[in-house]
1. Mind listing whichever residues of region 203-248 are in contact with a strand residue (DSSP E or B) (Cβ under 9 Å, 6 or more places away or on another chain), among the polar types (S, T, N, Q) and under 21 Å from GLU150 (Cβ atoms)?
2. State all residues of region 383-407 that are in contact with a strand residue (DSSP E or B) (Cβ under 6 Å, 6 or more places away or on another chain), open to solvent by less than 90 Å² (accessible area, probe 1.4 Å) and more than 11 Å from ASP358 (Cα to Cα); if no residue qualifies, say none.
3. Cβ-Cβ below 6 Å, separation at least six or inter-chain, first residue in region 169-192 and under 15 Å from GLN205 (Cβ atoms), second not in a strand (DSSP E or B): which pairs?
4. What are the residue pairs meeting all of these: first residue in region 318-331, first residue under 19 Å from VAL105 (Cβ atoms), second residue open to solvent by 20 Å² or more (accessible area, probe 1.4 Å) and of a type in the set (A, V, I, L, M, F, W, C), Cβ atoms under 6 Å, and 6 or more apart or on different chains?
5. For region 343-359: of the residues being of a type in the set (Val, Ile, Thr) and farther than 13 Å from PRO320 by Cα, which is modelled with the highest pLDDT?
6. Tally time: how many residues in region 357-369 are open to solvent by 40 Å² or more (accessible area, probe 1.4 Å) and either assigned to a helix (DSSP H, G or I) or of a type in the set (A, V, I, L, M, F, W, C) (or both)?
7. In region 204-234, which residues are closer than 15 Å to LEU248 by Cβ and aliphatic (A, V, I, L, M)?
Amino acid sequence: MKLFSKAVYRLVDPALIRAALAALIVATAAGVARPQQTSADARGPAATTISASTMSAAQVDEIVRAFTAKETRFRQALNTYAFKRDALVQTIGMGGQVTGEYHRVSLFTFDDQGTRFEKINFFPMPTLSEITITAQDLEDLGGVNPFALEASKLNAYTFKYVGKERIDELDLYVFDVGPKVAPDPKKIKERFFQGRIWVDTQDLQIVKAKGKGVPEDKKNKYATFETYREQIDGQYWFPTYTYADDELTFGSGQVVHVRELVKYSDFIQGHGKVTITEVGDAPAGSEKPEPPKLESKPKSSPRPQSQQPESSGPTEARPPTEGGMLNSKAIELPAPKYPAAAKKVHAAGQVQVQILVDETGKVISAEALFGPESLRQAAVDAAKLAKFKPTVVNGVAVKVSGILTYEFTAQ
C-alpha cells in the first residue's frame, strides 16, 4: 500500500462507506477439509497449540520437496480454471468506522500459456483517502503469489521446522518460511513470502499460510494476511479465503489501519467458458468475516493511520485516482467500429479497456484487459477518443485510472 499525497487526503463518499461497512462486517469463509469431510466438518473446535516435535534435516528436506512439487502442480492446474475473485480493502478510523474502501469483483481466465485475463464485473470508484492500491497490493491480495513456494523457487527460501499442530481433524507440520537473502527493494522487483505455513502430514500439501510480502520500503507497506485453502475437484488445493487486519507504519511515522478480505469462488475448468452474473450494487453475502475455524480467530493488529504523507520532494509524481467503471462519467464516448476481420468469425461480446485520463480529461493510455481478441483493438481505438471532465480533488486536477466497457454485437 502506498500513501496518498496530502492533496488527495479526503475523497470519501458517505453512501459508499455505509455500503462498505455492510460489505465487510460479515463474510462466509470456506474451511479446509479433507475430501471426505464436509465444509461444516471443517469448522470444528479451534486448535491453538503447536506441540514440540523433532525432525532430521533429511526429513525436513524430503517434506519440503514434496509440498513444493505439489505447489508447482497446483499452479499449473489453476491455469486451466476460471474463477471469481471478490477483493475488498478498507481503511479504518480510530473509532473503528470505515473511512474508505476499494472493492473489485472480477472473473479470471487463463490461456494455455498461463496468460491471465481479468473481466471486471463490479468496480465502484474507490473512496480510499489515505493510501492508494498499487500493483504489488493486487498481487498480495492473493497472498503475494498464491503458489510462491513452488519447486522453482525452492532455493530462494529457508524452511525452519517448528513442530506439529492438530487443527480440527487435520494433523499438520508447521514451518517458518522466509527468503534466504533479505531482498533489497532498490535492487529487486521480485516479491517473496515471509511467514508461517501449515502442511498436511498425510498429503504433504499446504492448507494454510500466514505472513506477508517482502520487500517493503518507506512508502510501500504490506499487511500480514492469513490464507486458507480448499480442495477443488477432489485434487487441487486452491486458496479460497484471505483476510488481514493490520496496521501499516510508513517511513514518515504515519499509521494506517487496513482490513482486507479476498474470496475466491466459482472454480470451473475450461479457460473462461464460465459466465458470472454481473454484480449490480454490493455483492450479496459480503458481511463480517469469520475466518475458517481451523484455529482461533486471527489477532487484529490495527494498521497505521496516515495523517501526513512522507515527503520526497516537490517533483514526486502523484499516483492516479482510481475511478472504477468510467462509461457513465464520459462526456464523449464514441462507439467502436466493428472490425472487418471480426465479421469473418461473427465475433461478439464485451471488451474491457483500462484507461488513464490526464488532468485535462483526455485519455492518454488505453489497454484491453478482457474480451474477444478480434475486437480488442477497435475498443482501444474508441477508448482513446473518449473525453471526460477534469477530476479535481481539493482544488487540484488529478489523473484518473479506470475501466471502459464496450459491447459488440455479431455482424
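The values are calculated or read from the model by the stated rules, or taken from the named source; none is laboratory data. Since the model is a prediction, treat every value here as computed from it, not as a measurement. Cβ: placed from backbone, ideal geometry, glycine included. Neighbour counts: every protein chain shown. Ligands, DNA and RNA are excluded from the accessible area calculation, which covers all protein heavy atoms including side chains. Shrake-Rupley method; radii C 1.70, N 1.55, O 1.52, S 1.80 Å.
1. Matches in region 203-248: GLN205, THR227, GLN231, THR240, THR242.
2. ALA383, ALA386, GLY402, ILE403, LEU404, THR405, TYR406
3. These pairs meet every condition: ASP171/THR201; TYR173/THR201; VAL174/ILE50.
4. Qualifying pairs under 6 Å: GLY323/MET125; GLY324/MET125.
5. VAL353
6. The number of residues fulfilling the criteria is 1.
7. Scanning region 204-234 gives VAL214, ALA223.
Per-residue answers, yes or no, for (1) open to solvent by 10 Å² or more (accessible area, probe 1.4 Å); (2) of a type outside the set (Asp, Glu); (3) under 19 Å from TYR102 (Cα atoms):
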position	(1), (2), (3)
THR158	yes, yes, no
TYR161	yes, yes, no
LYS187	yes, yes, no
GLU216	yes, no, no
GLY234	yes, yes, no
PHE250	no, yes, no
GLY253	yes, yes, no
GLU260	yes, no, yes
TYR264	yes, yes, yes
